[in-house]
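Engineer: What follows is a structure written as structure tokens; I'll ask about it next.
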Amino acid sequence: MDIWFKNATIVTMNPIAPILYETDLGIIDGKITFACEGSKPKRVINCTHKVLMPGLFNCHSHAAMTLFRGYANDRALEDWLFNHLFPAESRLTPELVRLGTLVAMAEMISSGTVAFSDMYCHMDIVAQAADEVGMLANICNGVIGMDKENFDYYNCNEYLQTVRALEAGYDKKDGRIKIEASIHGVYTSYKPTWEKAVDFAKKNNMRMHVHLSETKTEHEGCIKNYGVTPAQVFEKHGVFDVPCLAAHGVWASDDDIEIFREKGVTVAHNPLSNLKLASGLAPVAKMLERGVNVALGTDGVSSNNSHDLFEEMKMASLLQKYITNDPTTLPATETLKMATVNGAKAQGRENESGMLAEGFDADMLVLDFDNPRQTMCYDPTLNLAYSTSGRDVQMTVCRGKILYEKGEYKTIDIEKILWDTRAARRIFL
Ligand SMILES: [Zn+2]
């Protein structure tokens, strides 16, 4: 046995035994076991006053945007995007994307995230960085195709970068890195892009990641141009015929929600980003009630401005209580499920991760409950959903390997990346 966690409170997210008290959990060859007695562990950790839970899944990010945290914020969306963000992004190099992604991964693992679904550029570089750090990552280049008639999909930059990531073979190693197809959004592409993206996904047995109905302008513009909603356009063009992760769904109609359920589309809910950009509130309680898989994401930190999924969980729950005028809406266990079990399903990892169960991958967290915020605990799921912050995370483990422990980054040269990040600031001034 590699590690034996003794005497822990365990929030398993396994419906068969959701919470275990004064229980031991072991890691053998990267897998979870509850049969600890008689084993000779390399390391024993006393978990009195500590809580174990599955690692969190951030199902919509643009990780390298850590370089634009706090960049020209508090402006109207169009002013922010067209006059500030897009010009700054045009200065990105593969090296800067690598740096920004490493900063994001450091922030994620130190606040309990083990897996992320990332859409950005230079994703061959992102795949390499995620492989080195040891996280789980589903990555895609958000394909933009503004040629209405005849977009040369197989020659566009995003496609070529995805092919480079495929050729590098990161997805063939141990399943930690998955490469996905993508359409950036219905408003940044046309029919030739949608159909070729689906074709590419099917040929390579890939999942798909898209933005969908994030803003009222996008949603209503689509209805004006095509007579139907973004979800209905994508359904018509086969985008949902492959497993699809749709970010936002803020303006999804009842008919759209039915399409998500029927086609098994996961919605990645990003409450803080939606609030900060004043995009609206997604009807996720309704989606969950109707059987849609809803996961959580942070979106890029330029519109958040944090990768802490505990913040996202609390906000998701409170917003649904607010819009339904009902405090029983989206209870703690459901919110925790969005960040764990539902996230694993969104990434195609539901049979190996997202809960602490015998034989599952050891993707897990150790949280400190011996502090003023957590000591009074009647039900750990309530503390996790409403009182916990990423700063309570003491240890983050992915596939049995410790990535972060009490301020120490085991797979990232934190001093170097912080130094390089400070140096990169002048590029965007
Ligand atoms: Zn996004």
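The values are calculated or read from the model by the stated rules, or taken from the named source; none is laboratory data. Being a predicted model, the structure only gives us computed values, none of them experimental. Glycine also receives a Cβ, built like all others from the backbone with ideal geometry; neighbour counts cover every protein chain displayed.
Engineer: Which of the residues spanning the range 26-58 are crowded, with 20+ Cβ neighbours inside 10 Å, within 26 Å of the chain's Cα centre (by Cα) and farther than 16 Å from Glu107 by Cβ?
Structural biologist: Just the residues of the range 26-58 that are crowded, with 20+ Cβ neighbours inside 10 Å, to begin with: 26-27, 32, 47, 50-58.
Of the ones still in play, those that are also within 26 Å of the chain's Cα centre (by Cα) are 27, 32, 50-58.
Scanning the range 26-58 gives Ile27, Ile32, Lys50, Val51, Leu52, Met53, Pro54.
Engineer: Here's another thing I want to ask about it. Residue by residue through the range 229-242, note down the ones that are in a helix (DSSP H, G or I) and in contact (Cβ under 8 Å) with a residue 40 or more places away in the chain.
Structural biologist: Within the range 229-242, the first condition is being in a helix (DSSP H, G or I), and the residues that meet it are 230-236, 239-241.
Correct list: Pro230, Val233, Phe234, Val239, Asp241.
Engineer: Filter the range 172-228 down to the residues that are of a type in the set (Val, Ile, Thr), assigned to a loop (DSSP other than H, G, I, E, B) and within 21 Å of the chain's Cα centre (by Cα) and list them by number. Write out each step before concluding.
Structural biologist: Taking the range 172-228 first, the residues of a type in the set (Val, Ile, Thr) are 177, 179, 183, 186, 188, 193, 198, 210, 215, 217, 223, 228.
Checking the rest, the ones that are also assigned to a loop (DSSP other than H, G, I, E, B) come to 215, 228.
Scanning the range 172-228 gives a single hit, Thr215.
Engineer: Whether any residue in the range 351-368 is surrounded by 22 or more Cβ atoms within 10 Å (Cβ to Cβ), in a helix (DSSP H, G or I) and in contact with a Cys (Cβ under 8 Å, 6 or more places away or on another chain) is what I want to check.
Structural biologist: no
Engineer: Here's another thing I want to ask about it. Take the conditions surrounded by 19 or more Cβ atoms within 10 Å (Cβ to Cβ), under 14 Å from His60 (Cβ atoms), away from the ligand (no atom under 14 Å from the Cβ) and without any contact (Cβ under 8 Å) to a residue 60 or more places away in the chain and apply them to Val265. Does it pass? Steps first, please.
Structural biologist: On the way: surrounded by 19 or more Cβ atoms within 10 Å (Cβ to Cβ): yes; under 14 Å from His60 (Cβ atoms): yes; away from the ligand (no atom under 14 Å from the Cβ): yes; without any contact (Cβ under 8 Å) to a residue 60 or more places away in the chain: yes.
Yes.
Engineer: Using beta carbons and a limit of 6 Å, which pairs, at least six apart or on different chains, have the first residue in the range 142-158 and under 12 Å from Trp194 (Cβ atoms) and the second one basic (Lys, Arg) and assigned to a helix (DSSP H, G or I)?
Structural biologist: Hits for this filter: Tyr153/Lys196.
Listed here are the residues, each with its yes/no results for (1) within 16 Å of the ligand (Cβ to nearest atom); (2) in contact with a helix residue (DSSP H, G or I) (Cβ under 8 Å, 6 or more places away or on another chain).
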position: Trp194; (1), (2): no, yes
position: Asn205; (1), (2): no, no
position: Lys236; (1), (2): no, no
position: Leu245; (1), (2): yes, yes
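Engineer: Among the residues of the range 137-144, is there at least one that is over 21 Å from Glu218 (Cβ atoms) and at pLDDT below 95?
Structural biologist: Quick first cut of the range 137-144, residues over 21 Å from Glu218 (Cβ atoms) only: 137-139.
Of the ones still in play, those that are also at pLDDT below 95 are none.
Looking through the range 137-144, none of the residues is over 21 Å from Glu218 (Cβ atoms) and at pLDDT below 95.
Engineer: Find the residue count for the range 109-138, including only residues that are within 16 Å of the ligand (Cβ to nearest atom) and in a helix (DSSP H, G or I).
Structural biologist: Adding up the residues that qualify gives 2.
Engineer: Let me ask something additional. Cβ-Cβ under 6 Å, sequence separation 6+ or interchain: first residue in the range 244-259 and closer than 12 Å to Phe234 by Cα, partner of a type in the set (D, E, K, R) and away from the ligand (no atom under 16 Å from the Cβ). Which pairs?
Structural biologist: Short answer, once both residue conditions are applied: Ile259/Glu235.
Engineer: On to the next question. So which pairs qualify, if the first residue must be in the range 52-64 and within 16 Å of the ligand (Cβ to nearest atom), the second must be among the charged types (D, E, K, R) and modelled with pLDDT under 95, the Cβ gap must be under 9 Å, and the two must be at least 6 apart or on different chains?
Structural biologist: none
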